[in-house]
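*Asks:* Take this structure first; my questions come after.
The values are calculated or read from the model by the stated rules, or taken from the named source; none is laboratory data. Bear in mind that the values here come from a model prediction, so they are computed numbers and not experimental data. Cβ coordinates were reconstructed from backbone atoms using ideal geometry, including for glycine residues, and neighbour counts include every protein chain displayed.
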Amino acid sequence: MSVDDAFLTLHREMDRQGPGTPEDVRWALSQLALPEHPRVVDAACGPGADLVTLAEALPHARIEGVEQLPHLAEEARARVAHFTNVTVETGDMAELRGPYDLIWCAGALYFLGVTEGLERWRGALAPGGAVAFSEPMLAPGAPEAARDFWEEYPQVTDLEGIVARIEAAGYEVLGHRPVVGAGWAGYYAQLSGRIATLRGQADAALGAVLDAAEREISLWRAAPGDVAYALMLVRPRLRAI
């Protein structure tokens with residue numbers, strides 16, 4: 001088994017591919033005055049947890065999920081099959097077409113880069129449209145365990161640094177809130193279960209992936225109040241005429 005296959009094996013049958021809660025989605029929606037029949041996309045929707053929350057909260061919306069990994073897109077399709085207003089496409093979140101009133105992206109924009117991704121998505125937004133995304137955040141004075149947690153993401157900054165990258169893309173911040181605590185605990189509880197299930201059948205590649213995941217969980221447990229995402233709600237600034 002390759003390392004890539006081992007990573008995918010670990011994360012199969014997970015409710016989510018990263019930390020988050022339905023309350024995060026509902027908070028973002030509460031901050032926006034969306035049209036009566038909005039068009040919404042979940043970019044990098046994974047297995048579809050947030051698609052369910054969006055569909056429940058926005059029964060009159062047209063909701064799309066975009067996911068690059070075919071097996072996750074298939075899991076998402078199965079999960080939202082009972083909603084008549086949700087579709088899921090296997091595709092690249094860098095190539096969104098729109099126009100969307102809301103682009104939702106949980107824990108994935110960093111693959112494109114905050115500034116770069118927002119610049120790409122400007123053309124996919126309807127007039128007045130917004131982007132909600134979560135980005136790793138490291139508070140000033142965070143303990144060493146939190147810094148070690150993000151060692152493979154050297155671009156991590158504090159909230160001020162995230163805002164600077166947003167503004168560099170020509171966007172303004174409408175609101176923000178931390179994603180910390182419960183969303184991480186729930187994700188890692190399920191991931192720990194997957195590790196335990198797979199240990200007995202692990203080859204060298206899978207064993208190494210399981211070890212790395214256990215280390216990640218251990219680092220989070222050492223600083224659960226300091227390992228966080230910032231959930232940012234942003235929209236393009238109006239250009240001067």
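*Asks:* Restricting the search to segment 222-239, which residues are under 23 Å from G193 (Cα atoms), over 17 Å from the mean Cα position of the chain (by Cα) and either free of Cβ contacts under 8 Å to residues at least 12 places away in the same chain or surrounded by 15 or more Cβ atoms within 10 Å (Cβ to Cβ) (or both)?
*Replies:* Residues satisfying the conditions are A222, A223, P224.
*Asks:* Right, another one. Does segment 33-47 hold any residues that are closer than 29 Å to R221 by Cβ and of a type in the set (A, V, I, L, M), and which are they?
*Replies:* Across segment 33-47, the qualifying residue is only A44.
*Asks:* Sticking with this one: Looking at the structure I just gave you, is A94 out of contact with any Cys (no Cβ under 7 Å at 6 or more places or on another chain), closer than 29 Å to E216 by Cα, modelled with pLDDT of 95 or more and among the small types (G, A, S)? Outline the logic, then answer.
*Replies:* Numbers: out of contact with any Cys (no Cβ under 7 Å at 6 or more places or on another chain): yes; closer than 29 Å to E216 by Cα: yes; modelled with pLDDT of 95 or more: yes; among the small types (G, A, S): yes.
Here the answer is yes, as A94 does meet what is asked.
*Asks:* Give, as residue ranges, the strands (runs of 3 or more DSSP E) completely inside segment 46-122 that count at least 1 residues that are surrounded by 21 or more Cβ atoms within 10 Å (Cβ to Cβ) and out of contact with any Lys or Arg (no Cβ under 9 Å at 6 or more places or on another chain). If you could, list the steps in order and put the result at the bottom.
*Replies:* Working: elements: 62-67, 86-90, 100-105.
Qualifying strands (runs of 3 or more DSSP E): 62-67, 100-105.
*Asks:* Tell me which residues, restricted to segment 58-85, are under 17 Å from R16 (Cβ atoms) and among the aliphatic types (A, V, I, L, M).
*Replies:* Of segment 58-85, the ones under 17 Å from R16 (Cβ atoms) are 65-69, 71-80.
If the condition is that a residue be under 17 Å from R16 (Cβ atoms) and among the aliphatic types (A, V, I, L, M), then V66, L69, L72, A73, A76, A78, V80 are the ones that fit.
*Asks:* Pull up segment 1-39, narrow it to residues that are buried (at least 17 other Cβ atoms within 10 Å of the Cβ) and among the small types (G, A, S), then point me to the one that is nearest to A202 (Cα to Cα).
*Replies:* A6
*Asks:* Say we look at segment 1-32 and pick out the residues that are touching a Leu at 6+ places or on another chain (Cβ under 8 Å) and not in a helix (DSSP H, G or I); which of these is farthest from E216 (Cα to Cα)?
*Replies:* Once the filter is applied, the top-ranked residue is L32.
*Asks:* Looking at segment 132-145, can you tell me whether even one residue there is part of a helix (DSSP H, G or I) and surrounded by 13 or more Cβ atoms within 10 Å (Cβ to Cβ)? Outline the logic, then answer.
*Replies:* Step one: list which residues in segment 132-145 are part of a helix (DSSP H, G or I), which gives 144-145.
Okay, now just the ones that are also surrounded by 13 or more Cβ atoms within 10 Å (Cβ to Cβ), so 145.
So far as segment 132-145 goes, yes, one or more of its residues are part of a helix (DSSP H, G or I) and surrounded by 13 or more Cβ atoms within 10 Å (Cβ to Cβ).
*Asks:* Out of the residues in segment 175-214 that are among the charged types (D, E, K, R) and loosely packed, with under 13 Cβ neighbours inside 10 Å, which is modelled with the lowest pLDDT?
*Replies:* Going residue by residue through segment 175-214, those that are among the charged types (D, E, K, R) are 177, 194, 199, 203, 211, 214.
Still in the list and also loosely packed, with under 13 Cβ neighbours inside 10 Å: 199, 203, 211.
On the way: R199: 87, D203: 83, D211: 88.
Out of the qualifying residues, it is D203.
*Asks:* A follow-up question, please. Would you check which residues across segment 79-100 are of a type in the set (A, V, I, L, M, F, W, C) and farther than 15 Å from Q68 by Cβ and list them? So that I can check it myself, show each step before the final result.
*Replies:* As a first pass, look at segment 79-100 and keep what is of a type in the set (A, V, I, L, M, F, W, C): 80-81, 83, 86, 88, 93-94, 96.
Result: V80, A81, F83, V86.
*Asks:* Give the number of residues within segment 177-219 that are closer than 19 Å to D4 by Cα, in a loop (DSSP other than H, G, I, E, B) and under 21 Å from the mean Cα position of the chain (by Cα).
*Replies:* Looking only at that region, the number is 0.
*Asks:* If we keep just the residues of segment 152-170 that are more than 19 Å from the chain's Cα centre (by Cα) and not aliphatic (A, V, I, L, M), which is farthest from E119 (Cα to Cα)?
*Replies:* That would be E160.
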